[in-house]
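K.L.:
Let me give you the structure first, and then I'll get to my questions.
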Amino acid sequence: MQKKWAIASCSNRAASQRLREELGISAVLADLLANRGVAHFEDARRFFRPDLSLLHDPFLMRDMDKAIARIEQAIGNKEKVLIYGDYDVDGTTAVAVVYSFFRQFHSRLEFYLPDRYAEGYGISFQGIDYAAENGFTLIIALDCGIKALDKVAYAREKGIDFIIGDHHLPGPLLPEAVAVLDPKRSDCPYPYKELPGCGIGFKIIQAFIQKNNMDINQCYQYLDLVAVGIASDIVPITGENRILTYFGLQKLNSNPCCGLQSLIDLSTHRSGHFTVNDIIFQIGPRINAAGRIDHAKDAVKLLISKSLQEAAVYSSSIDEQNSQRKDFDLRITEEALAIIDGDEVLQQRKSTVVFRPDWHKGVIGIVATRLTEKYYRPTVVLTQTNGHVSGSARSVVGFDLYEALNACSDLLDQFGGHKYAAGLTMKPENIAQFEQRFEEVVAASILPGMLQREMLIDAILELSDIDAKFFRILRQFEPFGPQNEAPLFVSKKVQACGPAMVVGGSHLKMSIRQKNTAVFDCIGFGLGAYAEAINTGRPFDVCYAVEENVWRDKRSIQLNVKDIRI
């Protein structure tokens, strides 16, 4: 599919000019800063030099005082406390952070994660029954619970208090918990709204330390786990998330906890330094695999391990589960593609809905993402478990998937999520009607431009502009992620130096120059089909990110090619 290249303009020309003069940087770099909301020298200092002292007071969060008071009461009275979390990376890191901290002071502490298949997402009646049967009187829920009104009421009937620590959008009513910590509450004055579940967990321990006049460094030791949760949950890398990720990556690369070190040892990225992208592709999938294939409690056991020997037991098992996840992922994606390729009606639609009763529930979200990447349209992948149909849905930029599912809500037993990703359940007899209705809703509301992938280009760049100073400053824009993406550049009329090669089956490897510039090595993942045209010697335009390549301890600038126009 031909991608649309959209070249960004500077959002604040006066700020860009001021930054160019005050910082002594190029116009391109000044524009990049201005487009990220950096307008003055002091803004730039905070952007380039994150500081833990700039983290907000945790007691600005509504109900934080009530949460800490209840936790202190539980510790003082030697109550049994259950740390409850979701089974994804954000949930498991949140549980690991809070459990690891409080086990230092409180021995009557356990953690609980729901079974993806037996209980589903969020707080479950089964989990509350477990708490009641085992004498727990306080549950601290992380990365879930903001809409669990009935579950929290059920727990109160059994004499169990709840502290909710969530980051999802609340409904019109809040659970009747002792404390509801969620910056997205309409009445919460907390200045930063984008913390994930592990970020909320971090603020809880920060508040406890602050209230009890403890050494603040006791919460900073968990920043590597927090960074993994932030990166994997694909939340904005702005504000507090940027500060937490910046210092979390430093710890991950210098002194990670035993569980993360064990995963690093298993990864293919053993040299250089881990970035947000490396977490997303190397660490996150392994942690997620535990909950997808078996049970997420093994991921938490890994992350709270006190020794490398203990961690190795769990990381080996999780790595095997990740291999199984890859096998399921590959097979189901191939089967889903075959369904689409064999159905002309489905190919012509504005949406994709595919169903097989034997697909593994734990990977259908990954498959939905892959189908969306290939066909670039709202996609739902369905499977069946114990007589119930479950689905994962993914959207394209600009299209509100949640609203589309809401228009089909009479056919669904349950659905939840946000604009770009959601989960749903329905009865088997509703599949055909849902497929038709979903297509009607999407076709009636999606704009033609939304069905073409758009590359947001930060600037047109001459290759001669990429020198050591440019790259050194560009590196300081890290950590990259949502709302602070790695800048994309376009250079025009470049030519290959020597043959372009296809490596790894589908990837493009080449070297390029522009006029008489230095030669730059390039890698283009999934772009191997361009090699033949490039090798004719014709000039081409190239869209890329500038990055560092590390090979056998040798470091060099490399262009990560995203798209090509011959």
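Readers should treat all values here as calculations from the given coordinates under stated rules, not as data from a laboratory. Model, not experiment: these values are computed from the prediction. Neighbour counts run over all protein chains shown; Cβ positions are idealised from the backbone, glycine included.
K.L.:
What FRET efficiency, computed as 1/(1 + (r/R0)^6) with R0 = 25 Å and r the Cβ-Cβ distance, is obtained for residue 105 and residue 134, rounded to the nearest 0.05?
P.N.:
In this case the efficiency is close to 0.75.
K.L.:
Let me ask another. Can you find, among 247, 127, 160, the residue farthest towards the positive end of the dipole of the range 58-319? Put +1 on the C-beta of Lys and Arg, -1 on that of Asp and Glu.
P.N.:
Most positive-ward Cα: 247.
K.L.:
Compute the Cα gyration tensor for the range 69-156, then decide on rounded, prolate or oblate, letting a ≥ b ≥ c be the square roots of its eigenvalues: rounded whenever a/c is under 1.5, prolate when a/b is larger than b/c in the other cases, and oblate in all that remain.
P.N.:
Oblate, since a/c reaches 1.5 and b/c is not below a/b.
K.L.:
Using Cβ counts within 10 Å as a stand-in for footprinting exposure, how do 262, 124 rank, fewest first?
P.N.:
124, 262
K.L.:
If each residue's Cβ is checked for other Cβ atoms within 10 Å, how do 106, 168 rank with the fewest at the top?
P.N.:
Neighbour counts put them in this order, fewest first: 106, 168.
K.L.:
For the range 479-561, which chymotrypsin sites (Phe, Trp or Tyr not before Pro) pass both filters: DSSP loop (anything but H, G, I, E, B) and at most 15 other C-beta atoms within 10 Å?
P.N.:
Those satisfying the criteria are 525.
K.L.:
Also, I was wondering about something else. Place a +1 charge on the Cβ of each Lys and Arg in the chain and a -1 charge on the Cβ of each Asp and Glu, then give the dipole magnitude about the Cα centre in debye, rounded to the nearest 20.
P.N.:
Rounded to the nearest 20 debye, it is 1360 debye.
K.L.:
Can you compute the charge dipole magnitude of the range 479-548 about its Cα centre, using +1 on each Lys and Arg Cβ and -1 on each Asp and Glu Cβ, nothing else charged? Give it in debye, rounded to the nearest 20.
P.N.:
360
K.L.:
Measure nothing but the geometry: give the 0 to 90° angle between the long axis through the Cα atoms of 89-102 and the longest principal axis through the Cα atoms of the chain, rounded to 10°.
P.N.:
That helix lies at roughly 50 degrees to the long axis.
K.L.:
Oh, and also: For 325, 45, 20, what ranking results if the residue with the fewest other Cβ atoms within 10 Å of its Cβ goes first?
P.N.:
With the sparsest Cβ surroundings first, the list reads 45, 20, 325.
K.L.:
If you don't mind, there's one more thing I want to ask. With the dipole of the chain worked out from charges on the C-beta (+1 for Lys and Arg, -1 for Asp and Glu) around the Cα centre, which of 173, 402, 54 lies farthest toward the positive end?
P.N.:
With unit charges placed on the Cβ atoms, the residue in question is 54.
K.L.:
Moving on to the next point. Could I get the Rg over Rh figure for the range 465-547? Both from C-alpha atoms, Rh via Kirkwood, rounded to two places.
P.N.:
On the Cα set of the range 465-547, Rg over Rh gives 1.00.
K.L.:
State to the nearest 20 debye the size of the charge dipole of the range 58-319 about its Cα centre, where the only charges are +1 on K and R beta carbons and -1 on D and E beta carbons.
P.N.:
The dipole magnitude comes to about 400 debye.
K.L.:
Per the Kirkwood formula on distinct C-alpha pairs, the Rh of the range 58-319 is how many angstrom?
P.N.:
Kirkwood hydrodynamic radius for the range 58-319: 18.1 Å.
K.L.:
Sticking to Cα atoms, compute the Rg of the range 195-241 to one decimal and its Dmax as the biggest Cα-Cα distance, whole number, in Å.
P.N.:
In Å, with Rg to one decimal and Dmax whole: 11.1, 33.
K.L.:
Convex hull over the Cα atoms of the range 1-146, averaged projected area in nm²?
P.N.:
14.6
K.L.:
Still on this structure, please answer the following. State the answer as a single residue: which of 556, 207, 348 lies farthest towards the positive end of the charge dipole of the chain, with beta carbon charges of +1 for Lys and Arg and -1 for Asp and Glu, about the Cα centre.
P.N.:
It is 556.
K.L.:
Would you mind calculating the gained length between residue 532 and residue 427 on full extension (0.36 nm times residue separation, minus the Cα-Cα distance), in nm to one decimal?
P.N.:
Working it through step by step, the gained length comes to 32.9 nm.
K.L.:
Across the Cα atoms of the chain, what radius of gyration and what greatest pairwise Cα-Cα distance (Dmax) are found, in Å?
P.N.:
Expressed in Å, the Cα Rg and Dmax of the chain come to 24.7, 77.
K.L.:
While we're here: Over the range 343-451, what per residue volume does the convex hull of the Cα atoms give, in whole Å³?
P.N.:
In the range 343-451, the Cα hull volume divided by residue count equals 93 Å³.
K.L.:
Indicate the gyration tensor shape class of the range 409-566 (rounded, prolate or oblate), computed on the Cα atoms with a ≥ b ≥ c the square roots of the eigenvalues: a/c under 1.5 is rounded; otherwise a/b larger than b/c is prolate and the rest oblate.
P.N.:
Since a/c reaches 1.5 and a/b is larger than b/c, the shape of the range 409-566 is classed as prolate.
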